[in-house]
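Asks: Have a look at the structure that comes next, please.
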Amino acid sequence: MKVIDVQGLTKRYGQFVAVDNISFQVGSGEVFGFLGPNGVGKTSTIRILTGLSRATEGSCRIFGEEMTPNNKEIRRKIGVVFEEPNLYARLSGRQNLEFFATLYGAKKEKVSELLDEYQLSKAGNKPVAHYSKGMKQRLLICRALLNDPQLLVLDEPTSGLDLKSVELIRSRIQSFAEQGKAVFMSTHSLEEADELCNRVAFINHGKIIAEGDPASLKLRYGQDYVQVDLVPTVPLAEFWQVVEDLELTKNGQDGKVASLFIPLTKENLGSKLDQLMTVGRILRIHSQEASLREVFKIFTN
């Protein structure tokens, strides 16, 4: 089932085109990643998806209905977490959730369930002003889940958080999708997108420039390579000259250990490794798969 169906979506602010004729779909049980640098149209798209802004042109259908700022029925099916925390700092975490539970018509029991699930029960009665960034983000997700949404829209859900909060939030996102619900998420973390997303779209200058599942995109645009770590056995100037002559990529140097990247498609790979052994003692060689970060660099440079 199509939860989100965007066709030819355009958003202009005067002469500036923030979103330029983009199309994509998100289905039930899917985590869809929306990736790109700052200022390329991600936030404008999210505002249209959540009914906070109108498209200039094109169609944005959520659960089969056109999304507009007046479509309250559709908005009740959506949970939203924006990047900036908009909580009542003087109220406790529990009071924040209870207030919104009243607005959403949610049961108060749901508040306790969510605080427990997101490991906030002990802090539930403390003012939000004393919460860490990770705790605030978990509370925001709790608030977004009060109305039992079928679609969760997340803007940078784990940006700048501690490892414990990141792991918890990522596991809950996976669990949400496994229930047959949909997740649309904007993130700067390419590793997060690679781990969580069934499909991703790269947006730059308002246009979607690539879309697909991470594995296919990495296979098509990325490059597998081996990383070689070795200790030079000749003067450094001579060692790096050999590396340059072999047209190999320097990854860096940590103390006495030099690190090189060599694409697996490199011509005469075995011969080049043999030549390296004449100027250095190899400590380790390990393969490295192409990453989504490499693909990201290709499309956003």
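Bear in mind these aren't lab numbers, they're just calculated from the coordinates by the rules spelled out. Please read all numbers here as calculations on a predicted model, not as lab measurements. Here the Cβ is made from the backbone with ideal geometry for all residues, glycine too, and neighbour counts use every protein chain on show.
Asks: Charges at C-beta only: +1 for Lys and Arg, -1 for Asp and Glu. How large is the resulting dipole of the chain about its Cα centre, in Debye rounded to 20?
Replies: Roughly 1320 debye for the chain.
Asks: Would you calculate the separation in nanometres between label points at ARG12 and SER175, each defined as 7 Å from the Cα along the Cα-to-beta-carbon direction?
Replies: Between ARG12 and SER175, the simple spin-label model gives 4.6 nm.
Asks: Quick check: residue separation of GLU117 and HIS205 times 0.36 nm, minus the Cα distance between them. What number comes out in nm?
Replies: Full-extension gain reported as 27.8 nm.
Asks: So which residue, out of LEU236, LEU87, LEU49, gets the largest mean-square fluctuation from a GNM of the chain using Cα contacts under 10 Å as springs?
Replies: Its mean-square fluctuation being the largest, the pick is LEU236.
Asks: Antiparallel as a % of all DSSP beta bridges within the chain, to the nearest 5?
Replies: About 70 percent, rounded to the nearest 5.
Asks: With springs connecting C-alpha atoms under 10 Å apart, model the chain as a Gaussian network and identify which of VAL279, VAL80, VAL200 has the largest mean-square fluctuation.
Replies: Sorting by GNM fluctuation, first place goes to VAL279.
Asks: Taking R0 as 45 Å, what FRET efficiency do you get between HIS286 and THR102 from their Cβ-Cβ distance, rounded to the nearest 0.05?
Replies: 0.20
Asks: Can you pick out the pairs among LYS2/LYS133; LYS42/LYS164; LYS218/LYS256 whose Cα atoms lie more than 31 Å from each other?
Replies: Distance filter (> 31 Å) returns LYS2/LYS133; LYS218/LYS256.
Asks: Here's something else I'd like to know. Using r as the Cβ-Cβ distance of GLU247 and ALA215, and R0 as 41 Å, what FRET efficiency do you calculate, to the nearest 0.05?
Replies: Efficiency, from the Cβ-Cβ distance: 0.90.
Asks: So, R0 is 45 Å and r is the distance between the beta-carbons of PHE261 and THR56; what FRET efficiency does that work out to, to 0.05?
Replies: So, using R0 = 45 Å, E works out to roughly 0.50.
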